[in-house]
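Below you'll find the structure, written out as structure tokens, and then a few comments.
What follows is calculated from the coordinates using simple rules that are stated; it is not laboratory data. The structure presented is a predicted model; accordingly, all values stated were derived computationally and were not measured. Every residue, glycine among them, receives a Cβ derived from its backbone with ideal geometry; neighbour counts consider all protein chains shown.
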Amino acid sequence: AISGQTIALKGVTANDDLYLTGTDNSDSIDFSKLTDGGNNLDLFIDAGKGDDTIKLTANDATIVETITFGVTLATNGVDSVENFKSTSDKLDFSAGTFLNDGTEVVLKVLAGTTAGAANDNILILDDGYKTYDSLAALNADTALDTGTATFGSGIAGAEATVLLGWEDSAGNTHLGVAKIGDSGGLVGDVVELVKLVGIDWEGVVAGDFIQ
């Protein structure tokens, strides 16, 4: 194991790929000191099962990082990601089946009545509408439930599976899998998959996702 060192990796040619696969345990993966020697390294991380802590590169904007997630607690756990670079790094949830798979569209939910448009499949709760410091608090909030809330009512003509994002009081964004009812609002419990440390809801865009 190498810990606490500054490591420079340089590909033979530009945009060479580096792949890292984690274990079924709760791994700690730290690339915060990684640099690529100026060759635009592409880094692919699949941390596997368990509640993993992933620190992405902090000092080299030329490295593009893609993190692959499972879409259930059993296949992923709840991961924590630091140093995520919006519009550059990618969050890959393609293991799941979502509304409008393959085309990522973000809907910012400003109120319980934000209907959205056809095929919106990444719903982010505005921090002016709702924030939650625990998944239990989110799942216990009946104001989000179908029959009470109508957000997402315009995204599909039936119940739909989407990614749901929400912010906590510290300004971190959480992402999980949710079902939206035909008339809007949540159906059943949300399954949390990842916390983006230091990224608020306004710092997440459609180009950050792969579905």
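Residue by residue, region 88-100 carries 3J(HN,Hα) couplings of 10, 6, 10, 10, 9, 10, 5, 5, x, 10, 10, 3, 6 Hz when phi is fed to the Karplus relation 6.51 cos²θ - 1.76 cosθ + 1.60 (θ = phi - 60°); x denotes Gly or Pro. For the chain, lysine pairs with C-alpha atoms less than 17 angstrom apart, excluding pairs fewer than eight positions apart on the same chain, total 12. Anisotropy class assigned to region 79-187 is oblate, per the alpha carbon gyration tensor with a/c at or over the 1.5 cut-off and a/b no larger than b/c. Structure remark: mean-square fluctuation, Gaussian network model of the chain, C-alpha springs under 10 Å; the largest value among Thr75, Thr21, Thr53 belongs to Thr21. Pairs of alpha carbons in the chain separated by more than 30 Å make up 23% of all such pairs. Normalised by the number of residues in the chain, the mean separation of alpha-carbon contacts (under 8 Å, six or more apart) gives a relative contact order of 18 percent. Is the C-alpha gyration tensor of region 80-130 telling us rounded, prolate or oblate? Criteria: a/c under 1.5 is rounded; beyond that, a/b larger than b/c is prolate, otherwise oblate. Oblate, because a/c is 1.5 or more while a/b does not exceed b/c. Rounded to the nearest whole Hz, the Karplus-based 3J(HN,Hα) values (6.51 cos²θ - 1.76 cosθ + 1.60, θ = phi - 60°) of region 17-26 follow the sequence 10, 10, 10, 10, 10, x, 9, 7, 9, 7, with x at glycine and proline. Loop-located GluC sites (Glu not before Pro) across region 105-211 with a Cβ neighbour count of 14 or fewer within 10 Å are Glu159, with loop assigned by DSSP. Taking amide H atoms as placed 1.01 Å from N in the peptide plane, the amide H of Val204 has no partner under 5 Å among residues 5 or more positions away or on other chains. Taking amide H positions as modeled 1.01 Å from N, with prolines and chain starts lacking one, the residues under 5 Å from Phe209 and 5 or more places away or on another chain are Leu91. The amide H of Asp36, built 1.01 Å from its N in the peptide plane, has Leu9 as neighbours under 5 Å, considering only residues 5 or more places off or on other chains. Summing charges over all other residues whose Cβ lies under 13 Å from the Cβ of Asp127, with Lys and Arg as +1 and Asp and Glu as -1, gives -4.
Note on the chain: with a GNM built from Cα contacts shorter than 10 Å, the maximum mean-square fluctuation among Leu125, Leu18, Leu43 falls on Leu18.
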